[in-house]
Number of protein chains: 2
Amino acid sequence: MGVERAAAGTSAGRKQQQRSILTQQKLLDAAIAAFSTNGFMGTSTRDIAERARVHHPLITYHFKNKGELWRAAANRIFREFNISLVKAMAEVPEIDPKARAEAFIRTYVKHSFGHPALHKIILQESSYPSDRLDWLVATHLKPLYAMVSGHLVKLQELGIAPPGNPALLYNMIRVSAGGLLALGLEVKGTSNINFDDQAQRDELAEMIIRTFLPGNLPAQH
Amino acid sequence: MGVERAAAGTSAGRKQQQRSILTQQKLLDAAIAAFSTNGFMGTSTRDIAERARVHHPLITYHFKNKGELWRAAANRIFREFNISLVKAMAEVPEIDPKARAEAFIRTYVKHSFGHPALHKIILQESSYPSDRLDWLVATHLKPLYAMVSGHLVKLQELGIAPPGNPALLYNMIRVSAGGLLALGLEVKGTSNINFDDQAQRDELAEMIIRTFLPGNLPAQH
DNA sequence: CGTATTTAGTCCAGATTGGAAGGATTAGGC
DNA sequence: GCCTAATCCTTCCAATCTGGACTAAATACG
């Protein structure tokens, strides 16, 4: 997994050099930044190379072409997100569904701010049909929803989350965190909110929890 | 107001011809469609002209340049939205704040689906700083928020809307409607939701109301 | 030290860009 | 029904950018 060199299949030869994986990292960082602000079509390989301070034909060398680079970038974004998620969820007791949901939301919000590309890429690709969107949905988005869906329904049954179509609810929560982030610049201009401020980020997380998980766990006995 | 011909200032001459305003309309429609899916930079004037089935130099003639065309498009989007809003609010009794808020949300959702560009344009422009974003915020977004803000605080005081920073709440509501719409293609792929279905749109509106306006009006006496 | 891997440097053929210029056409006012 | 301003069509351009191919130099690994 991870970053794979796309050059000729020389699996028997020497091992990958250090500087190679370094430039790959630089290219991925740059690609994520560029793609998430300008979209796939709006980004040129030259722009990416420039951001990475690397000569642009190296993209071809390391990633075969622009499309593969995009996919590698998306993979990294979601891999990192999944790691965050797994780590956070491991710290919460299995038996308390509300606490788990809260931890999920806090992690989601926190990670989103640290890695805005997570949402921006999705938004960019959602604006028109493409193979990339199909791939994104099939590879990353659908599995994520599948993982969360069951828990969400359970929260609704317990009266913790508001009733209604769970898919709608899931997406409302998602955009409340990620969509707001994507609108960061606009929100900053329109109201007095500035998500550079850690306190305001925390406030958003708590607000989402308060709004979407208003109920309490029924008393045990 | 409205569409203004940007050609040489011949205010004393004849009046605007019918076919002129027709092509302007066609260009505006096409511009809105193009800009909202591909963003300002990702859209070429030729693309717009092609969609409008009009020769591309006519853009220069009617709107001076690409930037002015974008502004005219944005103006039309928001003008139409405001008209929808005013019309809907006129039908709700002034004294019932919850009913007014519900009507606002229903109108917002309904209009968003009929005119997806309203949100897509904002999202497109929010992804990086630009004069266009500044203009959008100052001209349309900030006034809208200023109009709503007071009412929202009142709803919170009445216990109808959840407590917390009203600006955050406002934006959460906004993206729950518009952001979901912008993600339409993705949501369709990920879950079983299809916003082409009127019933699912209504369900979204009701869900937003249920979630963001959970409280009831205190009994009068 | 040799060799496979990685990088630098060049080049390309084509497409696209926003916009200018000038002649043809149409419609509105008289 | 004409005359003229308003509108439209056609053509052109110069600049820039596109993704990617190709070769030679440089570098690090074994």
### Task
Figure the gain on full extension for B:R46 and B:W135 (residue separation times 0.36 nm, minus the Cα-Cα span) and round it to one decimal in nm.
29.6 nm
### Query
What pairs in B:K64/B:K87; A:K26/A:K120; A:K110/A:K154; A:K26/A:K64; A:K120/B:K98; A:K26/B:K188 have C-alpha atoms more than 27 Å from each other?
B:K64/B:K87; A:K120/B:K98; A:K26/B:K188
### Message
Considering just Cα atoms, how many Å³ per residue does the convex hull of chain B enclose?
### Response
162 Å³
### Query
Hey, rough spin-label estimate for A:I95 and B:N216, points 7 angstrom out along Cα→Cβ, what's it come to in nanometres?
3.6 nm
### Peptide-level mean, for B:126-138, of C-beta atoms on other protein chains within 10 Å
4
### Cα-centre dipole for chain B with unit charges at Cβ (Lys and Arg positive, Asp and Glu negative), debye to 20
880 debye
### Task
Take the alpha-carbon positions of the stretch B:47-95, form their convex hull, and give its projected area averaged over all directions (one quarter of the hull surface) in nm².
4.6 nm²
## Note on the structure
Expected max-MSF residue from A:S130, A:S112, A:S191 in the GNM of chain A (alpha carbon, under 10 Å) is A:S191
### Query
If contacts are Cα pairs under 8 angstrom and at least 6 residues apart, what is the relative contact order of the stretch A:7-143 in percent?
25 percent
### Message
Please compute the contact order of the stretch B:92-221 in relative form: average sequence separation of alpha-carbon pairs under 8 Å and at least six residues apart, divided by the residue count, as a percent.
### Response
34 percent
#### Entry: Other protein chain Cβ atoms within 10 Å, averaged over every residue that makes up A:191-197
3
### Note, ³J(HN,Hα) from phi for the stretch B:166-171, Karplus 6.51, -1.76, 1.60, rounded to Hz, x at Gly and Pro
x, 5, 4, 4, 3, 6
#### Entry: Förster radius 51 Å - calculated FRET efficiency between A:R53 and A:V86, Cβ distance, rounded to 0.05
0.95
### Task
Estimate the FRET efficiency between B:K154 and A:R19 by the formula 1/(1 + (r/R0)^6), using the beta-carbon distance for r and 51 Å for R0, to the nearest 0.05.
0.25
### Task
Average the reciprocal distances over every distinct pair of alpha-carbons in the protein assembly as shown, invert the result, and give the Kirkwood radius in Å.
23.7 Å
#### Entry: Averaged over B:178-184, number of beta-carbon atoms from partner chains that fall within 10 Å
6
## Note on the structure
For the stretch B:92-221, one quarter of the surface area of the C-alpha convex hull, expressed in nm², comes to 9.1 nm²
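Every number here is computed from the coordinates shown, using simple stated rules; none is lab data. Here the structure is a predicted model, which means the values were calculated and not measured. Cβ: placed from backbone, ideal geometry, glycine included. Neighbour counts: every protein chain shown.
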